[in-house]
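The values are calculated or read from the model by the stated rules, or taken from the named source; none is laboratory data. Just so it is clear, the model here is predicted, and its values are computed rather than measured. All Cβ positions, glycine included, derive from the backbone under ideal geometry; neighbour counts span all protein chains shown. These accessible areas exclude ligands, DNA and RNA; they are computed on the full protein's heavy atoms, side chains included. Shrake-Rupley method; radii C 1.70, N 1.55, O 1.52, S 1.80 Å.
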Amino acid sequence: MKKYIYVCIAALGLSACSSDYLETAPESEMGTPTVLSTTKNAEMALNGICKAMTTQYLKTQGCNGEGTILNWYGTFTGNDAQKSNHSGWQNVWNSAYHLSNTRTYDVYPWYYYYKLVSNANAIINNIDNAEGDESDKHFLKAQALTFRAYSFFRLAQLYTNRWSDHHGDTDGIVLRLDESLGEHALSTQAETYAQIYKDLDDAIALYQQSERVRDDFYQPGLDVAYAIYAKAALTREDWQNAANYAALARQGHKLMTPDEYQDGFHTPNDEWIWGVYEDEQQNISFYSFFAYIGANSSTSNCRTYPVAISKELIDQIPATDVRRSLYLVPTEAEYAECNAAGRSTKSLYERAKSEYADRLYFDQSGKLTSLIYAYMQFKFLVDFYPGGGSFPIIRAAEMLYTEAEADMHLGKETEAQQLLFDAVKQYDAAYTKSTKTGDDLMTEIKLYRRFDLFAEGNDWFDYKRWGQPIVRKNREQGGSFYKGVFDITIQPEETNAWTWVIPQKETDYNKLVD
């Protein structure tokens, strides 16, 4: 895998509350048209946006590009994952900070995605005049449009209400389409999704006009544009487009074999539609994605606070499903000996040390330094220490569940049953095609989506768009969440309907946003 080679066209700053909040560089010194005067330079700039997805930001622990969004905003805040006894970040995992417009947790996604947008805009608005082949121009512009659409979509997921609450008739985001980065009023939510659709329509047309295909899994391509379209349409409750584009996105992407699925999710394979590449020579060490989730990571965050799957979720998955082996499921006796947070120092500890030795971290003396907790996951494993490796953003399996869910809303239950069967069968030889219908079938589709995509950053986002409450039960209630720390219930209408507030840095700078 080649290293990233890139030119970073624009950088958003957060050091002040005036116009330098969105100051661009190095345009002010060189001028963007000069930097992007050739398709070769534009290609390096595009690769720079790919690299921006695995870069440390804000000099803050854990702010590592796309990995932060998947971990902090999609997984740890959701219904099905727990950072064991990580009570120090209780307020983060319990969604207590998204109404505070000065906290880093509220600022970060806004900062990060508008950084990607500003870089994409530089390419979109200048590539037509660059020196180079027309096919290359089409392809690079399509890639930049894909990045912009994805960034707007993520911002809409976080900073706007769920679609079912207002059906687009509510505040959207700031649609920055030019390089001035000046003051802009908020769009409506409907206008936001219309722009996402337009960017993807334009990108798809340009990909199809170009003779090129992407070189690597971490770069946008036609299948990535289809997949983002499917995700956006599903969130917007546009069921027909969700089904259509999900089917297109997974063409040519076979599901992982059971062996590939259990390999550790750190190396790309044919199922990954899009992902983030981290090079060992250009990694961000203790701040990377796997430094917070890798079961065998050498970081204290992983060794002390391993990620565990919810007992309630894993208990609904048959023992015949080979993917269950990626979780330390205790017997009743083993669970009884664990402490209140689920930690074991006895028989479950010994079993983990024996059966999962290759998925835990032992120091140079051979001592196991990873703490052992019931239901801890072994799905994500580092590729290199302390916490490096590539990871998926979108897989073909997600597109199967997306199409199945959309088909249910379209009244196509037979098709949904087949899609669910296609998603599960190769991992569970005993699984037979579901005969459930209506709400029961939808519940089964959601169940397997939650399990299959566990810790891949979809959990909180799915529960928000479903309008379902987060219900985390402690041991006494039949669950596994740490009592008094993570065992909470959050109703869909609570905490601003799960909508992050616009950061003060934006409203201080942009007087058109209240």
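Does at least one position in region 362-378 carry a residue that is polar (S, T, N, Q), in contact with a Lys or Arg (Cβ under 6 Å, 6 or more places away or on another chain) and either surrounded by 24 or more Cβ atoms within 10 Å (Cβ to Cβ) or at pLDDT 95 or above (or both)?
Step one: list which residues in region 362-378 are polar (S, T, N, Q), which gives 364-365, 369-370, 377.
So of that shortlist, the ones also in contact with a Lys or Arg (Cβ under 6 Å, 6 or more places away or on another chain) come out as 369-370.
Retained after the next criterion (residues that are either surrounded by 24 or more Cβ atoms within 10 Å (Cβ to Cβ) or at pLDDT 95 or above (or both)): 369-370.
Yes - at least one qualifying residue is present in region 362-378.
Can you spot a residue in region 429-452 that is over 30 Å from Tyr97 (Cα atoms) and touching a Lys or Arg at 6+ places or on another chain (Cβ under 7 Å)?
For region 429-452, residues over 30 Å from Tyr97 (Cα atoms) and touching a Lys or Arg at 6+ places or on another chain (Cβ under 7 Å): present.
Would you confirm whether or not region 416-437 contains a residue that is in a helix (DSSP H, G or I), on the phi > 0 side of the Ramachandran plot, open to solvent by 10 Å² or more (accessible area, probe 1.4 Å) and of a type outside the set (D, E, K, R)?
So the first thing to find is which residues in region 416-437 are in a helix (DSSP H, G or I), and the list is 416-427.
Checking which are on the phi > 0 side of the Ramachandran plot leaves us with none.
Within region 416-437, not a single residue is in a helix (DSSP H, G or I), on the phi > 0 side of the Ramachandran plot, open to solvent by 10 Å² or more (accessible area, probe 1.4 Å) and of a type outside the set (D, E, K, R).
Quick check on my filter: what residues within region 310-334 are in a helix (DSSP H, G or I) and free of Cβ contacts under 8 Å to residues at least 40 places away in the same chain?
Arg324, Glu332, Ala333
Within the set of pairs 6+ apart or on separate chains, which have a first residue in region 349-377 that is more than 20 Å from Gln82 (Cα to Cα), a second that is open to solvent by 50 Å² or more (accessible area, probe 1.4 Å), and C-beta atoms under 7 Å apart?
Between residues of region 349-377 that are more than 20 Å from Gln82 (Cα to Cα) and residues that are open to solvent by 50 Å² or more (accessible area, probe 1.4 Å), the close pairs are Leu368/Lys353; Leu368/Phe362.
All but one of (1) crowded, with 19+ Cβ neighbours inside 10 Å; (2) closer than 28 Å to Ser285 by Cα hold for Leu348; which doesn't?
(2)
Run down Asp133, Asp106 and say which single residue is out of contact with any strand residue (DSSP E or B) (no Cβ under 7 Å at 6 or more places or on another chain) and over 24 Å from Tyr287 (Cα atoms). Let's see the steps before the verdict.
Working: Asp106 fails: over 24 Å from Tyr287 (Cα atoms).
Among Asp133, Asp106, only Asp133 is out of contact with any strand residue (DSSP E or B) (no Cβ under 7 Å at 6 or more places or on another chain) and over 24 Å from Tyr287 (Cα atoms).
Any idea which residue in region 164-181 is farthest from Leu99 (Cα to Cα), counting only those that are open to solvent by 20 Å² or more (accessible area, probe 1.4 Å) and not charged (D, E, K, R)? Let's see the steps before the verdict.
So in region 164-181, the residues open to solvent by 20 Å² or more (accessible area, probe 1.4 Å) come out as 164-167, 169-171, 175, 177-180.
Remaining after also requiring not charged (D, E, K, R): 164, 166-167, 170, 175, 177, 180.
Details: Ser164: 21, His166: 20, His167: 22, Thr170: 18, Leu175: 22, Leu177: 27, Ser180: 29 Å.
Filtering first and then ranking leaves Ser180.
Among the candidates Ala225, Ala249, Ala233, single out the residue that is modelled with pLDDT of 95 or more, touching a strand residue (DSSP E or B) at 6+ places or on another chain (Cβ under 8 Å) and crowded, with 21+ Cβ neighbours inside 10 Å.
Numbers: Ala225 fails: touching a strand residue (DSSP E or B) at 6+ places or on another chain (Cβ under 8 Å); Ala233 fails: touching a strand residue (DSSP E or B) at 6+ places or on another chain (Cβ under 8 Å).
Exactly one of Ala225, Ala249, Ala233 is modelled with pLDDT of 95 or more, touching a strand residue (DSSP E or B) at 6+ places or on another chain (Cβ under 8 Å) and crowded, with 21+ Cβ neighbours inside 10 Å, namely Ala249.
Anything in region 97-117 that is in contact (Cβ under 8 Å) with a residue 60 or more places away in the chain and either among the small types (Gly, Ala, Ser) or assigned to a loop (DSSP other than H, G, I, E, B) (or both)? List them, or say none.
Matches in region 97-117: His98, Leu99, Ser100, Asn101, Thr102.
Name every residue in region 455-504 that is of a type in the set (A, V, I, L, M, F, W, C), outside any helix (DSSP H, G or I) and open to solvent by 20 Å² or more (accessible area, probe 1.4 Å), in order of residue number. Please lay out each step first, then the result.
Of the residues in region 455-504, the ones of a type in the set (A, V, I, L, M, F, W, C) are 455, 460-461, 466, 470-471, 481, 485-486, 488, 490, 497-498, 500-502.
Right, trim to outside any helix (DSSP H, G or I) and you get 455, 470-471, 481, 485-486, 488, 490, 500-502.
Matches in region 455-504: Val471, Ile488, Trp500, Val501, Ile502.
Test each condition in (1) of a type in the set (S, T, N, Q); (2) closer than 15 Å to Val382 by Cα; (3) touching a residue at least 12 places away in the same chain (Cβ under 8 Å) for Ser300 and report the one that comes out false.
(3)
Going by what's in this entry, would Thr402 be described as of a type in the set (S, T, N, Q) and open to solvent by less than 30 Å² (accessible area, probe 1.4 Å)? Give the derivation first.
Values: of a type in the set (S, T, N, Q): yes; open to solvent by less than 30 Å² (accessible area, probe 1.4 Å): yes.
Yes; evaluated as a whole, the condition is true for this residue.
Output the number of the condition that Ser365 fails; it satisfies all remaining conditions of (1) under 25 Å from the mean Cα position of the chain (by Cα); (2) not in a helix (DSSP H, G or I).
(1)
Please work out which one of (1) charged (D, E, K, R); (2) under 20 Å from His98 (Cα atoms); (3) in a loop (DSSP other than H, G, I, E, B) is the condition Arg154 fails and give its number.
(3)
I'm trying to understand the selection: among the residues of region 306-334, which are among the hydroxyl-bearing types (Ser, Thr, Tyr) and touching a Gly at 6+ places or on another chain (Cβ under 9 Å)?
Answer for region 306-334, where residues must be among the hydroxyl-bearing types (Ser, Thr, Tyr) and touching a Gly at 6+ places or on another chain (Cβ under 9 Å): just Ser310.
Would you be able to say whether some residue in region 131-138 is open to solvent by less than 10 Å² (accessible area, probe 1.4 Å), of a type outside the set (Gly, Ala, Ser) and assigned to a helix (DSSP H, G or I)?
No, region 131-138 contains no residue that is open to solvent by less than 10 Å² (accessible area, probe 1.4 Å), of a type outside the set (Gly, Ala, Ser) and assigned to a helix (DSSP H, G or I).
Being farther than 20 Å from Val329 by Cβ and in contact (Cβ under 8 Å) with a residue 40 or more places away in the chain is the filter here; which residues of region 469-482 pass it?
Of region 469-482, the ones farther than 20 Å from Val329 by Cβ are 469-471.
Residues satisfying the conditions are Ile470, Val471.
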